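For reference, the structure discussed in these notes is given below.
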Protein chains: 2
Amino acid sequence: MADLTGGKADGTSLHGFFFPRRIAVIGASNDTARIRGRFIVLLRQHGFDGEIIPVTPSHGEIQGLPAVPRIDAIPGDPVDLALVAVPAPAVVGVLRECAAAGVRGAIVFTSGFAEEGGDMAAAQAEITRIAHESGMRIGGPNAMGYFNARGRVAATFSQAIDTEEAARGIDAHDLPGGIAVVSQSGGLGFSIYNRALRRRIGGDFVVGTGNEADLGTLDFAGFLIEDPAVRQMLLFLEGVRDGRRLAPFARRAAELGKPVIVAKVGRSPAAQRAAISHTASLTGSDAAFDALFAHYGMIRVHEVEHMLDHAAAFAMPVLPAGDRVAIVTASGGSGSWLADGLAAAGLRVPELDADTQRRILAHLPSYGSAGNPVDITAQAMKAVNDVLEEVLACPDVDMVVLVSPLSLVSRNPYDLERIRAAIARWRKPVVFYSYTPPSDFMRDFAARAGAAVYSTIDGCARGLRGLVDWARFRERFARREAPDAEIAMMREAIAPLLDAHPPGAVASEYDSRRLLEAAGIGGPAGRLATTEDEALAAFEAIGAPVALKLQSPGLPHKTEAGAIRLGVADADALRRGYRELMALADRVAAGAPVQGVLVQAMAAPGIEMIAGIVHDADLGPLLMVGAGGIHAEVLRDTAFAPAPVDAAEARRLVDSLRMRPLLDGVRGAPAADVDAFVELARRLSVLAVAADGRIGELEINPVFVHPAGAGASAVDALLRVR
Amino acid sequence: MADLTGGKADGTSLHGFFFPRRIAVIGASNDTARIRGRFIVLLRQHGFDGEIIPVTPSHGEIQGLPAVPRIDAIPGDPVDLALVAVPAPAVVGVLRECAAAGVRGAIVFTSGFAEEGGDMAAAQAEITRIAHESGMRIGGPNAMGYFNARGRVAATFSQAIDTEEAARGIDAHDLPGGIAVVSQSGGLGFSIYNRALRRRIGGDFVVGTGNEADLGTLDFAGFLIEDPAVRQMLLFLEGVRDGRRLAPFARRAAELGKPVIVAKVGRSPAAQRAAISHTASLTGSDAAFDALFAHYGMIRVHEVEHMLDHAAAFAMPVLPAGDRVAIVTASGGSGSWLADGLAAAGLRVPELDADTQRRILAHLPSYGSAGNPVDITAQAMKAVNDVLEEVLACPDVDMVVLVSPLSLVSRNPYDLERIRAAIARWRKPVVFYSYTPPSDFMRDFAARAGAAVYSTIDGCARGLRGLVDWARFRERFARREAPDAEIAMMREAIAPLLDAHPPGAVASEYDSRRLLEAAGIGGPAGRLATTEDEALAAFEAIGAPVALKLQSPGLPHKTEAGAIRLGVADADALRRGYRELMALADRVAAGAPVQGVLVQAMAAPGIEMIAGIVHDADLGPLLMVGAGGIHAEVLRDTAFAPAPVDAAEARRLVDSLRMRPLLDGVRGAPAADVDAFVELARRLSVLAVAADGRIGELEINPVFVHPAGAGASAVDALLRVR
């Protein structure tokens, strides 16, 4: 994990940054209305119990603390963290002094660097250089700093940590959740943290990273994910400075069993425009990020509250064993509407078994209902604890939603100890859905009970769906093994084939196929013929009918060039076809060498699919699978994952296609050999890795997936070398 | 509109119900902790200035008001509204007394009727009878009553109207919005109303209708939609008692230009199960309801907050002229993320023209950005009013989102009068998106400014998308004309064709085609032949190649039965084909009469689509259009609308198909004749109406849509008569 913290430092180097004992406030001021005056106020207010040293030449004392004129005038041990909010032109000088004085870390709050352009962009580059040369880790510039609730370090000027919750004495460290928030945009990051607190989701860390001259999002995220108190991470990414570091971080989080909920800006042209003007980082290929997130179980969201819908679910003490939800409601209408919402999210709301229903009905008035939704009616709310226990005991139930208005501020019908005990006994998540805005009283209650609170149907469905998906991901991930031996073997086999092509070259179908064959991916039998007689011999060996395809690296689109003959059934047609194709060669191959004519068996029928490899500049090689024909072109029915994938992951991709039901056979067609297509995709992904980044693009289009047991064939293939 | 208020009463009969001058509280009590004791408290608390008459035999005075022992002991004018909360077994007797005493309206709050089953279901039927016989309109039983903010009538026991807002002196009548909430579930209805108030969306009415023994959702909705102060309606439907009344209500709301935001339970099996147990109403065919809602511009939502996202948008004083949004942000990250969210909702966030950018930049620091998102930076917030005016003046902008933290409680940088004036001048909606939870201070401010407030990206995108869709719907609806003359003509033409088939009968392709031809929907030329010689004559008249199809009402699936010959190109093949098909007749036509063999020109090539009519039990005839072949079967790529539709509406359906791009031509194929397919669908919808409910199902599968200008052909057709 050392690589995740970047620069020269090792993985533990940020401990002093986040848990400093000595903090210097450079440019400290007595004017607490100014940013430079607020650090000491906030540090004290939030209970920092280390040493605070104001650094300013103009006063001997700041806010009652003795000040030093310069950083190198501080006696004793090195300073762990310097908070820097001096004017932009002075920042580089101050950082040089800090580095020289042996300061371990610094945060630059001052703005006006890369986002300003020109000289100030150069100043930002200088900040990077200072960090790399001195080993002092630097956050910012243009940063909002961080808040460490456990360590009681408010290394920020943000008013956003003065929350209602803080005023009421609620400590983020004591709430369930274990969140850490890391955001390039500090305003948004602290807002996420505050909104989480409002929903009684707690955790120790929030960081606003700013321009990331030295320390970047993945440095912070990579350090914090290792903290045992961090149970889940909320990431807001505007751009990723070094995309290649994202996968190792994602893998590590998955290994630790910690969900990462990620918002990634840059799906739209407008956001991409803004990213260019607003930070130095590009937004990357969005589909590639989606693929990477899904592959590592990271949960992508497009909205802060959606982030918290997931975080609330992950804050609970247990994961569900399946996707079956029981609804226990005091309002028939709300219960039914919720059932619709859960079903729309793909969750099941099964009718309960007769025995469970009978036991539930014993607690209800005659007009109650136990089918699921279990309608206990507003009149029988006192029975809710009994009913909850009956429902949790039901073997057909994996999770329970309690529906009731949580706006109440007294007369709470729920029994804290019974709910806690029931969750612990049955190991099934229990959540509240309130159709009225929940009161703080009930939010506090639910947090103690270990139950998430949702005030929207939408959010409840999202949270539970996310839990189910995460539980399933964990199972898949636990069985995932890197195919190292297979990669090594394949690397050896394909190296000479790749060496034969210069970077940027397009290979003929014949050469592309040889690469696939080295990966164990076959197609219709075929031979390359360079003379008419060779073609005839191939025809006789293969058997009629055959396809003839002119082969040249200059001919990527053979059909359009008329360089294919299909269904060639006799020797005359074969000879004629060979001559015609070779006669075409000069015209269509655009000056490239012509290898000859591929004589190929006609492919057995099958469902048309595509599979391929694409190389993403940020994230490396990706496996692609998709529907063939017009589905691919018109509906863009494709799915991606970072290579390599195992069979379970390849199957997940195939199962995610909209046309997936076609493979099960429609209109009387037999079911297709999905296993074979999954295996083809898996091998292709191993090939992608074994090529060590030299495959720019490899498309098998079409793959024919034959009836079950009959395999899948690569009918055409096209390779572009990087 | 008289039909919308149901029963015997006319459309104005609910005035006394909602604006009573004399209210009798039957079973009134001095115990204000009980429901029966709360009515007088709430009526007074909310400023009811009419007469309140407690009715109870046990006390001479209730809460300081003189009581009468029985309803018929009330002297003077008839009572407008009786509030009934006596025990269930006493309800029918009390209502009989009310009716006898000339009481105009009553609300029964008592529960335990249809939802209880047995005797009490019979009691509910008796309530219905009393209403129908006496003309007294009855709400409930099991109702939550209503609140009329303008008339200051709190005819409810719901604590839910004691809002924070009421406590702060905020009057729902004074807020922008003009909402009326009508909900079968009173708890949910009042919760919607309260959540609206929290978001500073106001309006005069909220009604919880309960079991709807007499007055139903559409009675209330139909009355309230006519109220000039009602600008939009929020409907929560668990089931629709009489689906045929929904379309007239929806049309009337559209005529009045009032958006109806509707939540309709019953998408999932679990909700359908609950509806059966919980109310008397069935949930109906969900896709049919979707079709009806979309046809009349009703906005369906699946979540209370989504309802309010729309209501907040419709509360604004202006509609957008297009879908182009400018974002003015104080936070780069939030602005970009919002741009992603708006783009995902299909809204455009265009780069602003150079001139506008230049004028905006004059107000910004050097590191600001004017491209769109316009990043004014946190430091330059004071420029926001100037920038807003520049952006509103830009001709490429239809709406503006102001992004900033609205958690502030002072130092508001926005200028109320300038914003109001700018909105009025440019007639473009302006909304706020706050990435922090908005303060009441800023919510009040925005309400006065005429700007909606969103605290989620999701909600902001939904609200603006809804505005654009509504504006477009209004344009389409304004041009919509009922094709009365066409229906009348077609009715005459098709009556004999329909008369020829008994109810439930399936017609042959030949007979189905004759119906289509009467509607002006043609296909490949064809003739019915009943002898080999007739077949030959038809072949010679039509020209080779032809298709031969055995015709019998007993043969709906000709292909599967082998009863089709395609590409018949010469006289021998024709004769042989004719004989073979006729020889099949006895075996495949299942004893039904055989009409002969249809000799038909082979259809010219085209894109395969389907179109049809289905009859919905609740909503009547629906037009269906869809993608053909596997798209229809596997992807269920179909769209519905209630018949009849005009060309614009038929086009909307076609445009909504996922495979729509296929019709524009892919892989070098020419663009298809979309206009012709749209016209075919339009005519089919007129036919559906002209059939007066006698078409159970009519499917044209496939329709071939030929290249542009070459029309569309009904290649096969199947009719089932009702």
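Short-range pairs are left out: with C-alpha atoms under 8 Å and at least six residues apart, the relative contact order of chain B is 9 percent. Entry note, segment A:400-462: relative contact order of 41 percent, from Cα contacts under 8 Å with a spacing of 6+ residues. Taking a spot 7 Å from the Cα of A:E540 along the direction of its beta carbon, which residues of segment A:588-608 have an amide N less than 20 Å from it? Taking a point 7 Å out along Cα→Cβ of A:E540, the residues of segment A:588-608 whose backbone N falls under 20 Å are A:597-602.
What is segment B:558-672 by shape, rounded, prolate or oblate, if you read a ≥ b ≥ c off the alpha carbon gyration tensor as root eigenvalues and call it rounded for a/c under 1.5, prolate for a/b larger than b/c, and oblate otherwise? Taking the square roots of the gyration eigenvalues as a ≥ b ≥ c, segment B:558-672 is oblate. Amide H contacts under 5 Å for A:I299: A:V260, A:I261, A:V262, restricted to partners 5 or more places along the chain or on a different chain, H placed in the peptide plane at 1.01 Å from N. Extension gain, A:D242 to A:E255: 0.36 nm times the residue separation minus the Cα-Cα distance gives 2.6 nm.
Once the Kirkwood radius over Cα pairs is known for the protein assembly as shown, the Stokes-Einstein relation at 20 °C and 1.002 mPa s delivers a diffusion coefficient of 59 µm²/s. Against chain B, whose longest principal axis is taken from its Cα atoms, helix B:384-393 shows a tilt of about 30°.
What the Cβ-Cβ distance of A:D664 and A:H557 gives, at R0 = 35 Å and to the nearest 0.05, is a FRET efficiency of 0.60. Rounded to the nearest Hz, the phi-derived 3J(HN,Hα) couplings of segment B:356-361 under the Karplus curve 6.51 cos²θ - 1.76 cosθ + 1.60 (θ = phi - 60°) are 4, 4, 4, 5, 5, 4, where x marks glycine and proline. Annotation for B:A321 and A:L584: the two label points, set 7 Å from Cα along the Cα-Cβ direction, are 5.4 nm apart. Between B:A643 and B:L622, B:L623, the built amide H atoms are under 5 Å apart, and every one of these is 5 or more places off in sequence or on another chain. Each label was represented as a point 7 Å from its Cα along the Cα-to-Cβ direction; for B:E492 and A:D31 these points are 9.0 nm apart.
Each label point was placed 7 Å from the Cα along the Cα-to-Cβ direction; for B:A166 and A:A421 their separation is 4.0 nm. Amide H to amide H distances under 5 Å link B:A671 with B:A708, where only residues 5 or more positions off or on other chains count and H is placed in the peptide plane. Estimated at 0.36 nm per residue, the fully extended path between A:A708 and A:A592 surpasses their Cα-Cα distance by 37.7 nm.
In order along segment B:640-649, the phi-based Karplus estimate (6.51 cos²θ - 1.76 cosθ + 1.60, θ = phi - 60°) of 3J(HN,Hα) comes to 10, 8, x, 7, x, 10, 8, 4, 4, 6 Hz; Gly and Pro are listed as x. Across the identical copies, the 7 Å label point of B:R579, projected outward along Cα→Cβ, sits 4.5 nm from its counterparts, in ascending order. For the pair A:A362 and A:D286 in one chain, pulling the backbone fully straight at 0.36 nm per residue adds 22.0 nm over the alpha carbon distance. Taking the label point 7 Å along Cα→Cβ, A:P496 and its counterparts in the other copies are spaced 8.4 nm apart, in ascending order. Label point of A:G117 (7 Å along Cα→beta-carbon): distances to the other copies' equivalent points are 7.5 nm, sorted ascending.
A simple rule links phi to the HN-Hα coupling: the Karplus curve 6.51 cos²θ - 1.76 cosθ + 1.60 with θ = phi - 60°, which for segment B:466-473 gives x, 4, 5, 4, 5, 4, 5, 4 Hz, with x for Gly and Pro.
With contacts taken as Cα pairs under 8 Å and at least 6 residues apart, segment A:186-322 reaches a relative contact order of 25 percent.
Each value in this text was obtained by applying a stated rule to the coordinates, not by laboratory testing. Everything numeric in this text was worked out from a predicted model, so none of it was measured. Cβ coordinates were reconstructed from backbone atoms using ideal geometry, including for glycine residues, and neighbour counts include every protein chain displayed.
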